[in-house]
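The structure appears right after this line, and notes come after that.
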Amino acid sequence: MPDLLIELFSEEIPARMQTRAGEDLKKRITDGLVEAGLTYAGAAALTTPRRLTLAIEGLLAESPTIREERKGPKVGAPDKAIEGFLRGAGLTRDQLEERDTPKGAVYFATIEKAGRPAAEIVAEVLEATIRNFPWPKSMRWGSGPLRWVRPLHSILCILSDEAGTQVVPLEVDGITSGDTTAGHRFMAPNRFSVTSFDDYAAKLKRAFVVLNPGDRAEHIWNDAQNMAFAAGLEVVDDKGLLAEVAGLVEWPVVLMGQIDDEFLDLPPEVLQTSMKEHQKFFSVRNPKTGRIERFITVANRETADNGATILAGNQKVLSARLADAKFFWENDLRVAKSDITQWTRALENVTFHNKLGTQSQRIGRIAALARELAPVTGAEADQAEKAARLAKADLNSEMVYEFPELQGLMGRYYIEAAGEDAAVAAVAQEHYSPLGPSDDVPTAPLSVTVALADKLDTLTGFWAIDEKPTGSKDPFALRRSALGVIRLAILNELRVKLREPMQAQVERNRSAARSVTIDDVLDFDSIEDFDGVGNASELSSKEITGDLLAFIHDRLKVFLRDEGIRHDIIDACIAMDGNDDLNLLVKRARALNAVIATEDGENLVQGFKRANNILTQAEEKDGVEYSYGADVKFAETNSERALFAALDQAQARIDPALTSEDFPAAMSAMAALRGPVDAFFEDVQVNTDNDILRRNRLNLLSQIRQVCSSVADLSKIDG
C-alpha cells in the first residue's frame, strides 16, 4: 500500500487561517478518496506559514472493481424503454440477461466498473480541492482563474512504496505537480526533491523549517520560559498569542528585549495589550512587583549577531508604540482626577442603538434599575446608582478608544484615580462579567447589582423594540446576556423575582424608543434608516416581559443540561408559581431531578399520570370538576383507606417544607406516595358501577393530583 504526500507551497498564509486550512485540506482529500473507493490507514495535516501539508498512510494502490446489478424493463417492453435502459447501463442488448420473476420475465444488466489507479484518483481529487478550497478570503494573480489565499507557487504530490516514488501527474493553471519543495525563505531557499514523508520532514528541518506547528509552539514557549527564568522573571501565559506566533514563523528564534524605564509604570495590562496587539510580543513580568519589565519576540531566522539588530529594531518600534500609550494614560488620568463625569456627559453624543437612544440614556436606565435591585443584592442603593453611572465612563477615554479590549479595566484605574471607593471602581471592570459560560462571575454586591442591571437592560431594551434572536442569528449577543443573568442569580444565590423589575425596565426602554427623534441619533446613513415613533413593540410591557422570561427559561435549560437535568423536569418546575425567581426554580428542579432518578420517583410519576388521565377523561365525560369531597367513610378497601392516610401525611409534610423552601423534603414526601398509589390502583376499580363510590374515588384521584402538583407539575414529565 503506498503512502501519499501532498504539499501546497505558497506565499505566507495568515496565521489565523492555517489550522482551519489544514483541517479542510485533510477532510476534502480524504472524503474524495474514500468516495472514489480508496481507503487509507491514517492521515495527518501540518501547516507552516508557506505550506499546507497532508500525509496519508496505507492508501490502496487502486480502487476495487465494482459489480452492480440493475433490474430493467419486462421482456417484450417497448423498444424505446429497453434502449433507454441500455444507454443508462452502457451495455448492448446481447449483454442483458432474462430472468423469471413473479411478475414475468424481466431484463437484468450486470455492470462492472473496473478499478482505477490511485494516482489517477488522487489527481482528480486534489485538483478539485485546490480549485474549490474554502478560504475565508482569497485572491487572484496573473491571468489565470485560480484563487488562493496568497499566490500558489508549487504542488508537491507523490505516492511512495517499497518499489519507489511516483509523482502524481497534475496541472492547475500552469502549476505542474512534482516531487520538490523549498526550505526557509532566507536561510535555505533552494528547492530539493523528496521521496517520502519522513524524507520530506527531515530535509525540511535541515533547511530550517519546523513542519509541525505544535513543535514550533513548544519550542517558542520553552525558550521563552528559560530566558525569563534566567533573568528572575516569568512569561505571561497567552495560549492564543502563542498559537498565532507559531503560525508566523517557520524557524522560530526566541529573543528577549528590554522595555525603556519610562514606560515601566504604565499599568501592566496596557503594556501587555499594546505589545500583543501591535507587535505580537509576549510580556515578561517581575513576579515580585507584578510589573511588565521585558518582552519576548520571535524572529523567523538566525543572524550572525544573534538577533541584536532585530531586537534593536523591535525596541525602537515598541518605544514609539508605548509612547502613544503613555500619552493616552497621562491625558486620561488628568481628566479622571479633575472631573470624570465629563466622560459620562460626553456619552450623550454617542448612540447606543438607533432605536434606544444614546449611551448616556442607557446608563440612566441601568442606574435606575441598579437602585431598585440593590435591596435584593445586598448593595447600598446610592452606591449602586453611583457605580452604574460611572461604570462605562472609560468608553470615552483615549486609552479605550485605542484599545477597546481594555474597557472596564481602565475604568477601574480611572475611577480609583478620581478618588472613588475601590468597590465602586471595581464595578467598572466586573459589571461586564460573565461574558461566557466559563467566565468568572462577580461576587461583590455592588458589582453583582450593576452587572445584573446592565444585562437586564440589554435584554429588555431589545425585546422592547422587537429585536430578538432568530435561529442562529444573535447580533446583540442576547443569549449571552441571558446566560449572564442566570449565572449571576444562581452562583450568588440571589433571591430576586425578575418579573417586576424586568417589566419596569421594559417600560423605560419603550419610553426611550418612543422618544428617539432624528436629532438624537448621529449614525444614520440616510433618513430612511430612522424608524421614528414606530420603534417600540406593539405588545404590552407585561406581554413582552412574559416572552423575555420564557427566553431566559430556555437558556436555563441549556445551562442545567450540563448537570444532567432534562428539559421536561425544568418545565415541570417552570409551571409552578415563582418561576421568575431563578434561584428558587433551580433548587426545585435539582430536587425534582434527584427524586425522578429514584425508582419511587419514577413510578410515582406513572401513578400520577394514570390518576390524572382517568380523572381528566371522567371530567370531560361528566362535565364536572372532581376537585373536592373525597371522604374516607366511603372507602371499601384497606388500600383505599391507606391512600387517604398517606395523602394527609404527605400534605402535612409538604406544606411546611415548601414554606421553608426545603424542596428535597417536599419531593421526598411526594415520592413516599408511590407505594400507596400503586396499591390503590392494583386493588380498586375507579370507574365502578356504584356512582357514590365512583365519585368518591375520582375525588381521591383529584387529591393525588392536588398534592403532587403542589410540588411540581408532573404532567410535564416525559414518559
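In order along the range 584-594, the phi-based Karplus estimate (6.51 cos²θ - 1.76 cosθ + 1.60, θ = phi - 60°) of 3J(HN,Hα) comes to 5, 4, 5, 4, 5, 5, 5, 5, 5, 4, 5 Hz; Gly and Pro are listed as x. Kirkwood radius and radius of gyration were both taken over the C-alpha atoms of the range 213-338, and their ratio Rg/Rh is 0.99. Relative intensity of the range 144-277 on a log10 scale, I(q)/I(0) at q = 0.09, 0.13, 0.14, 0.17 Å⁻¹, equals -0.44, -0.76, -0.83, -1.03, per a Debye sum over C-alpha point scatterers of equal strength in the absence of solvent.
May I ask you to sort Val34, Val245 by Cβ crowding, counting other Cβ atoms within 10 Å and putting the fewest first? Working shown, then result.
Values: Val34 12, Val245 25.
In order of increasing Cβ crowding within 10 Å: Val34, Val245.
Shown here for the range 53-144: chymotrypsin sites (Phe, Trp or Tyr not before Pro) in loop regions (DSSP other than H, G, I, E, B) with at most 15 other Cβ atoms within 10 Å, namely Trp141. For the range 213-338, averaging the sequence separation of C-alpha pairs within contact (under 8 Å, six or more residues apart) and dividing by the residue count gives a relative contact order of 27 percent.
Recomputing Rg and Dmax of the Cα atoms in Å from the coordinates shown identifies the correct label among [x] 35.1, 117; [y] 36.1, 107; [z] 32.5, 108 as [y]. Site pair Lys80 and Lys633 shows an inter-label distance of 9.0 nm when each label is modelled 7 Å from Cα along Cα→Cβ.
Classify the range 351-562 from the C-alpha gyration tensor, please: rounded if a/c falls under 1.5, else prolate or oblate depending on whether a/b exceeds b/c. It would help to have the intermediate numbers written out before the result.
Details: a/c = 1.55, a/b = 1.12, b/c = 1.38.
It comes out oblate by the Cα gyration axes.
Applying a DSSP loop filter and a limit of 16 other Cβ atoms within 10 Å to the GluC sites (Glu not before Pro) in the range 558-664 leaves Glu563, Glu625, Glu636, Glu661. Phi-derived couplings, Karplus 6.51 cos²θ - 1.76 cosθ + 1.60 at θ = phi - 60°, listed residue by residue for the range 165-171: 10, 10, 6, 7, x, 6, 9 Hz, with x used for Gly and Pro.
The GluC sites (Glu not before Pro) of the range 422-522 that DSSP puts in a loop, and whose beta carbon has at most 15 other beta carbons within 10 Å, are Glu493. Listed by chain and number, the lysines whose C-alpha is less than 25 Å from the C-alpha of Lys27, apart from same-chain residues fewer than 8 away, are Lys137.
For the range 67-113, what log10 I(q)/I(0) values come out of the Debye formula at q = 0.32 1/Å, with one point per alpha carbon and no solvent? After summing over all Cα pairs, the log10 values are -1.31.
Listing Arg653, Arg345 from fewest to most neighbouring C-beta atoms within 10 Å gives Arg345, Arg653. The slack in the chain from Thr309 to Arg20, taken as 0.36 nm per residue of separation less the alpha-carbon distance, amounts to 100.6 nm.
Near the amide H of Val75, within less than 5 Å, lie the amide hydrogens of Ala105, Val106, Tyr107, all on another chain or at least 5 residues away, with H placed in the peptide plane.
Step through the table entries Lys205/Lys316; Lys276/Lys355; Lys355/Lys587; Lys468/Lys587; Lys621/Lys716; Lys497/Lys557, compare each Cα-Cα distance with 26 Å, and write down the pairs that go over it. It would help to have the intermediate numbers written out before the result.
Working: Lys205/Lys316 32 Å; Lys276/Lys355 36 Å; Lys355/Lys587 38 Å; Lys468/Lys587 28 Å; Lys621/Lys716 23 Å; Lys497/Lys557 18 Å.
Pairs exceeding the cut-off: Lys205/Lys316; Lys276/Lys355; Lys355/Lys587; Lys468/Lys587.
Put simply, the amide H of Asp581, placed in the peptide plane, has neighbours under 5 Å in Leu498, leaving out anything fewer than 5 places away on its chain.
Using bins of 5 Å that start at zero, the share of Cα-Cα pairs per bin across the range 576-714 amounts to 2, 10, 20, 23, 18, 13, 8, 4, 1, 0, in whole %.
Binning the alpha carbon pair distances of the range 79-151 at 10 angstrom intervals from zero yields the distribution 15, 24, 17, 17, 17, 9, 2, expressed in whole percent.
At the listed q of 0.11, 0.12, 0.16 Å⁻¹, the Debye profile of the range 275-400, built from one uniform point per Cα, gives log10 I(q)/I(0) equal to -0.64, -0.71, -0.92. Counting every other Cβ atom within 10 Å of each residue's Cβ, Tyr40, Tyr414, Tyr401 order from fewest to most as Tyr401, Tyr40, Tyr414.
Take every Cα pair under 8 Å whose residues are at least 6 apart in sequence, average their separation, divide by the length of the range 351-562, and the relative contact order is 23 percent. Using a 7 Å offset from Cα along Cα-Cβ at Ala672, what residues in the range 589-605 end up with backbone N under 20 Å from the label point? Answer for this model: 591-605.
Here r is the Cβ-Cβ distance between Thr180 and Arg99 and R0 is 56 Å; the resulting FRET efficiency, rounded to 0.05, is 0.50. Taking every alpha-carbon pair under 8 Å whose residues sit at least 6 apart, the chain reaches a relative contact order of 7 percent.
The label-point distance for Glu112 and Lys280, in a model that sets each label 7 Å from Cα toward Cβ, rounds to 5.8 nm.
Read the figures in this text as sums done on the coordinates, not as results from a lab. Keep in mind that this is a model prediction, so the values were computed, not measured. Reconstructed Cβ throughout: ideal geometry from the backbone, glycine too, with neighbour counts over all protein chains shown.
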